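Read through the structure below, which is laid out as structure tokens, and then see the notes.
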Amino acid sequence: MQDRQQSPAFGWLTNNGLLLAVVCTLIWGGNAIAGKFAVGNVSPLMLTMCRWILAATIMVIWGWSHLRNDWPVIRQNLVYLFFAGALGFAAFNGLLYTALKYSTAINITILQSAMPMFVFLLNFLVFGLRMHWAQALGYSITLIGVLLVAGQGDFTRLASLDVNFGDLVMLVAVVVYSAYSVALRAKPAMHWMSFLAVLVISATIASIPMAAVEYALGETIVPTNVTGWMVVFYTALFPSIVSQGFWIRTNELLGGNTASLFFNLVPIFGAILAVLILGETFHIYHAIALTMVVGGIVIAQQLAK
């Protein structure tokens with residue numbers, strides 16, 4: 001991200017870790033808003049396919065030299081890289097955009113913010129990662145917050161299985177992305193641009209049969225208006241590429257532990273944008289759940305050190 005030809009403003013941005021972290025989380029919070037705008041303008045799996053086709057085109061052009069240099073490593077790890085992109089990028093976003101057809105952007109961003117809890121649980125189950133008391137406490141609080149959102153503020157709805165379908169789909173999406181995050185432990189040594197490009201290409205390939213199923217079910221909506229194409233371009237450029245590159249730079253400047261705390265801004269930005277742009281209602285149970293989810297994760301991450 002360092003370039004002698006870059007403008008002073010861009011150079012200042014890429015050397016300001018705090019600002020980069022805020023920009024990244026704002027973009028990710030906006031992804032749910034874009035997904036909500038997609039409803040009625042472009043179908044979830046069509047959006048997923050269009051997003052990754054455009055992002056792959058940009059990444060291949062931008063990262064061609066790195067792809068060529070890393071080709072021996074890519075070829076040796078092709079199966080791993082394909083499934084990483086198919087699950088973490090294609091399946092996750094397809095599920096996310098599907099969830100937004102049935103649920104609010106506020107619910108979706110709060111549920112998405114519980115991802116660190118699921119990542120830890122998978123590490124605990126698969127790799128036997130030891131659990132600190134603070135992690136048990138923090139993630140228990142987070143789980144209660146997730147259940148509060150799923151039950152729309154009423155736990156008795158969970159007992160009767162009266163849960164919003166979109167919220168259930170989002171929980172599946174969170175588990176899928178958490179599995180992808182855990183699988184990153186086996187990430188091969190290669191340039192970050194090559195890694196991102198191959199995953200984006202893999203997501204493109206995986207999203208084609210997903211879109212074909214949607215078409216076969218008669219659910220496809222092809223973007224034909226300005227709103228639909230704006231959603232495609234936003235998701236392809238900003239959450240797919242800009243935020244990924246900025247996040248890598250953020251970790252370089254701030255370190256992984258500090259950077260991870262900023263991820264908790266995603267549901268906050270998502271909720272604010274949902275109220276301001278979409279006009280969604282922010283209920284008291286949203287505030288309580290958001291506090292529990294974010295607070296629980298902070299407790300788990302900080303007190304367990």
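Nothing in this text is a laboratory measurement; each read-out follows from the coordinates by a stated rule. On a predicted model such as this, the values are computed, not experimentally measured, just so you know. Heads up, the Cβs are rebuilt from the backbone with ideal geometry, glycines too, and the neighbour counts pull from every protein chain shown.
Taking 0.36 nm per residue of sequence separation and removing the Cα-Cα distance, the residue 65/residue 298 pair yields an extension gain of 79.9 nm.
Would you be so kind as to identify all helices of the chain, as entire DSSP H runs, whose Cα atoms reach 18 Å or more along the helix's own axis and whose mean Kyte-Doolittle hydropathy is at least 0.0? Show your work: numbers first, answer last.
Working: long enough: 17-38 (31 Å, 1.57); 44-69 (35 Å, 0.85); 133-150 (26 Å, 1.67); 165-183 (27 Å, 1.83); 192-216 (36 Å, 1.63); 284-302 (27 Å, 1.51).
Those that pass (Cα extent of 18 Å or more, hydropathy at least 0.0) are 17-38, 44-69, 133-150, 165-183, 192-216, 284-302.
Dividing the convex hull volume of the alpha carbon atoms of the range 77-136 by its residue count gives 100 Å³ per residue. Stretching residue 58 away from residue 130 to a fully extended chain increases their span by 21.8 nm, per 0.36 nm per residue minus the current alpha-carbon distance. Normalised by residue count, the chain yields a Cα convex hull volume of 145 Å³ per residue.
Taking K and R as +1 and D and E as -1, what net charge do the other residues with C-beta under 15 Å from the C-beta of residue 80 add up to? If you can, show how the numbers build up before the last one.
Working: positive: 75, 185, 187; negative: 70.
After counting each charged neighbour, the total is +2.
Each Cα pair under 8 Å and six or more residues apart adds its separation to the average, and for the chain the resulting relative contact order is 42 percent. Computed from the Cβ-Cβ distance with R0 of 30 Å, the FRET efficiency linking residue 140 to residue 272 stands at 0.65.
Peptides 288-298, 54-64: what's the order by average Cβ count within 10 Å, highest mean first?
Working: 288-298: 21.2, 54-64: 17.5.
Top of the packing list down: 288-298, 54-64.
Each residue of the range 252-305 gets 64 Å³ once the volume of the Cα convex hull is shared out per residue.
Rounded to the nearest 500, what is the chain's calculated 222 nm mean residue ellipticity when only DSSP H runs of at least 4 contribute -39500 (n - 2.57) each, over all residues?
Values: 17 runs with 225 residues, N = 305.
Calculated mean residue ellipticity at 222 nm is -23500 deg cm²/dmol.
For residue 281 and residue 187, what is the calculated FRET efficiency with R₀ set at 51 Å and r taken between the beta-carbons, to the nearest 0.05?
Values: r = 41 Å, r/R0 = 0.80.
For residue 281 and residue 187, the calculated efficiency is 0.80.
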